[in-house]
Structure formats: structure tokens, C-alpha cells
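Q: Got a structure here, written out as C-alpha cells. Questions coming.
The values are calculated or read from the model by the stated rules, or taken from the named source; none is laboratory data. Quick caveat: nothing in here was measured; it's all calculated off a predicted structure. Here the Cβ positions follow ideal geometry from the backbone for every residue, glycine too, while neighbour counts run over all protein chains shown.
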């Protein structure tokens, strides 16, 4: 695992930074695709993990959630507006249906799993405050640690081009985003926190606060 900041680790994956999974304190954050079970359990072996939380319930973030929770005996926490999808396996309201997402459904989606805690704005998880950040999915949440300006924002923004893997700030592809305009509003909301370090669902950590502000200020207003 790669240490990002105090009590924050990024699990290794291939390609590097393509689908990120974090350990924040004693909480596993996101779980990649359903193929990620092995790499997760190998890397967290010997560490205390008391809960598993999601940024949002898309196949590349919840795929191994059921398997990991079963293996660890840990509860699952999820944004309140994505929780029903996680519990029922019906993602029709959380991700658009198209040729690309249909492939994800088939190969990446994990089984449904009970949600023990439905996260909402202001909740605390492992020293982070939950911030509602809908748009990419209805129930996407970000994790904000004010004392050191660390923000984990899921897929509100991507830190790399998902096709070329070239690093840089991007909006998430509309193919995977329920409401792009709402997602841009969430990006503005999070940028207003003035984070010093941003961690993404896809892409390496971003340590250029001014660059983030420039990018978000250039987003289209709908």
C-alpha cells in the first residue's frame, strides 16, 4: 500500500491508479470491481478494519463489497441515496444504461449487500466529514478532513483520462454519470472547501490546489 497522508493508504492495483481503493484509519473505502477481492484482502491482512464504506454504488467501486464484508465480518456504509441500489442490486437509478455500462454490469458488479449505515451530509467516518456530492450517482458522497485539507471525492472528478491513463483533471464521462450538471455543481461545492490534497476514484493524488480551482472555475454552467 502507498501512504498518502496520515492514516490514509492507497491500495496497489493494476494499472496503477486506475481503480482506487483506500484504507482510511480502520475503514476500507471503496472496493473496486468484483475481481478485486483477492488484492484487497491480501493488502489489508493483519490490519484492523472495522467497517467498509463507499463513495458511491457503481460497479467499479462496489464490486467486491459483499465479498469483503463477508470475509471481514464488517458492516457496509453507503450514501443514503445509493443505499437502496446496493441492497437490491437494481442500479437503474444510479448509473445510465448504455453499451458500456451494460458490460460493467455483466463483468464488474458485485452482489447486493445490506447497508448498515446510510451516510448523509455531516456524518463522521474515520475522522472525515461526509459531504453530499450527487450527480455522478444520486448518492455519491465525498470524505473531507478539514485539519489537513484532505478530500476524497470519488468520481466527482477524475484525476486521469480513463482511456489513455494520462494524468490530469477531467469530469467523469457522461456515459457513467446520471446528471452531469448536478455533478458539476458538486465539483464547485467541493472546490469551495479549498482542499490541499485531493484523492480520486480514478487517478493519482492531486497536490495542486490552484490547478483544481482553475479547472473547476472553467466548468460549464447549465
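Q: Of the residues 214, 145, 207, only one is surrounded by fewer than 15 Cβ atoms within 10 Å (Cβ to Cβ) and either in contact with a strand residue (DSSP E or B) (Cβ under 7 Å, 6 or more places away or on another chain) or under 18 Å from residue 10 (Cβ atoms) (or both); which?
A: The unique qualifying residue is 207.
Q: Follow-up question, since we're still on this one. From the list 48, 55, pick out the single residue that is modelled with pLDDT under 95 and within 29 Å of residue 146 (Cα to Cα).
A: Testing whether each residue is modelled with pLDDT under 95 and within 29 Å of residue 146 (Cα to Cα) leaves just 48.
Q: Which of the residues spanning the range 114-124 are in contact (Cβ under 8 Å) with a residue 24 or more places away in the chain and either part of a loop (DSSP other than H, G, I, E, B) or closer than 16 Å to residue 25 by Cα (or both)?
A: 114, 115, 116, 120
Q: Condition first: touching a helix residue (DSSP H, G or I) at 6+ places or on another chain (Cβ under 7 Å), buried (at least 21 other Cβ atoms within 10 Å of the Cβ) and at pLDDT 95 or above. Can you find one or more residues in the range 155-166 that meet it?
A: The answer is yes; a qualifying residue exists.
Q: Now, a different point. Could you grab me the full set of residues in the range 193-222 that are touching a residue at least 40 places away in the same chain (Cβ under 8 Å), closer than 15 Å to residue 149 by Cβ and assigned to a loop (DSSP other than H, G, I, E, B)?
A: 193, 194, 195, 196, 205
Q: Can you pull out every residue in the range 83-97 that is in a loop (DSSP other than H, G, I, E, B) and surrounded by 12 or more Cβ atoms within 10 Å (Cβ to Cβ)?
A: The answer is 89, 91, 93, 94, 95, 96.
Q: Would a scan of the range 61-82 turn up a residue that is more than 15 Å from the chain's Cα centre (by Cα), part of a helix (DSSP H, G or I), within 30 Å of residue 179 (Cβ to Cβ) and touching a residue at least 60 places away in the same chain (Cβ under 8 Å)?
A: no
Q: Still on this structure: Could you list, in sequence order, all residues of the range 169-192 that are assigned to a helix (DSSP H, G or I), modelled with pLDDT under 95 and crowded, with 17+ Cβ neighbours inside 10 Å?
A: 176
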